[in-house]
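One structure is given below, encoded as structure tokens.
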Amino acid sequence: MLEKIQKYKEEITALNIQSKAELEDFRLKFLSKKGLIPSLFEDFKSVPNEQKKSLGAEINILKQFAEQIFADLQAKFEDANEGENDALLDLSLPAIPNHTGTRHPLAIIKNRIIEIFARVGFSVAEGPEIEDDWHNFSALNFPENHPAREMQDTFFVMRNPDLALRTHTSSVQVRTMEKQKPPIRILSPGRVFRNEAITARAHCFFHQIEGLYINEKVSVKDLKDTLLYFAKELFGKETKIRMRPSYFPFTEPSVEIDVSCMICGGKGCNVCKHSGWVEIMGAGMVDPNVLENCGIDSATYSGFAFGMGIERITMLKYQIKDLRLFSENDVRFLRQFHHVV
Ligand code: PHE
């Protein structure tokens with residue numbers, strides 16, 4: 001029996017317990033009810049009386065030794081666990097970065113345009129993407145046989161040919177003029193649709209932001225001043241603008257607005273096709289017929305309107321070569337705008 005005690009003692013001393021699981025194995029083997037140490041006490045019952053005193057003392061020493069080891073290791077493993085909890089609660093540790101999404105480049109530019117015009121009194125107006133002929137075409141002075149009404153440009157609603165997907169957000173300008181009295185200063189951002197083949201330069205849907213200002217005595221000078229201010233704010237203080245005569249049914253006179261090339265500053269490069277200028281929008285003085293169609297007295301009021309493609313402005317601003325990137329949702333593209341707010 002003394003030998004057994006000795007052997008157990010050596011075995012326990014040699015143990016190298018590293019985990020809670022190993023400690024539990026140790027407890028089961030030596031200390032549990034059916035473990036080796038309690039079984040020594042069983043054996044002890046049959047020990048001759050004269051040996052009981054010394055053997056009993058040895059067994060108790062072994063038992064206390066084993067219990068002490070168990071208690072020490074248990075405390076050690078508990079402490080380690082608490083350490084883990086402490087780490088979770090340490091609010092001074094740097095945070096694990098949380099990758100949130102980024103703003104879409106079109107949203108970035110749209111918001112920037114809105115912000116620039118908001119500073120000179122323009123507010124945002126919105127309208128439906130499915131429009132009737134009146135708001136998209138007729139009120140805007142489109143002649144009955146104007147090519148823009150034809151099937152190749154416009155997506156009509158099959159069950160109701162009076163309805164179509166809006167081809168521009170000028171429809172929102174009509175809706176606003178019908179509801180509000182001048183002065184009116186609005187921007188109408190939104191998605192528009194045209195039946196075009198999808199290429200690097202065209203898509204069947206894109207985004208526009210159009211502007212409208214109606215008041216007494218609004219002149220071409222107001223139009224030019226406002227758009228020059230806008231171009232300088234968006235592309236930089238050195239930017240110049242020029243107007244080229246153009247045609248839109250709803251404006252008279254109508255112009256195209258070019259800005260001096262933001263890449264080469266006007267010297268000539270690939271972006272401006274060596275002309276020094278890039279076209280950014282259409283504009284003009286609101287045709288008196290349009291004002292009258294919307295219930296505004298054209299003898300008292302005049303106004304200007306302009307409209308630009310948000311995709312086009314964004315492509316110029318960030319040198320994006322393919323329009324399709326905007327709608328493919330490829331994170332490798334979208335992620336590149338992480339740094340722009
Ligand atoms: N609505 C025109 C378009 O979609 C843009 C425009 C708006 C032109 C206002 C002139 C004035 O092309």
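Listed values, structure above:
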| quantity | calculated |
| --- | --- |
| Entirely in the range 126-243, the strands (runs of 3 or more DSSP E) that have 2 or more residues that are buried (at least 19 other Cβ atoms within 10 Å of the Cβ) and of a type outside the set (Asp, Glu) | 160-165, 184-193, 205-216 |
| Test result for GLU115, acidic (Asp, Glu), at pLDDT 95 or above and within 14 Å of the ligand (Cβ to nearest atom) | no |
| Test: ASP222 is within 11 Å of the ligand (Cβ to nearest atom) and touching a residue at least 24 places away in the same chain (Cβ under 8 Å) | no |
| Of residues in the range 285-341 being surrounded by 13 or more Cβ atoms within 10 Å (Cβ to Cβ) and polar (S, T, N, Q), the one farthest from the ligand (Cβ to nearest atom) | GLN336 |
| CYS272, sole failed condition from (1) of a type outside the set (Asp, Glu); (2) away from the ligand (no atom under 14 Å from the Cβ); (3) at pLDDT 95 or above | (3) |
| Among (1) modelled with pLDDT of 90 or more; (2) not assigned by TED's automatic domain parsing to the domain that holds LEU323, the one test that ASN98 misses | (1) |
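Residue-wise test of (1) surrounded by 13 or more Cβ atoms within 10 Å (Cβ to Cβ); (2) not in a helix (DSSP H, G or I).
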position	(1), (2)
ILE17	yes, yes
SER39	yes, no
SER46	no, yes
GLN68	no, no
ALA71	no, no
GLN74	yes, no
ALA80	no, no
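The values are calculated or read from the model by the stated rules, or taken from the named source; none is laboratory data. This is a predicted model, so every value here is computed, not measured. Ideal geometry is used to build each Cβ from the backbone, glycine not excepted, and the neighbour counts take in all protein chains shown.
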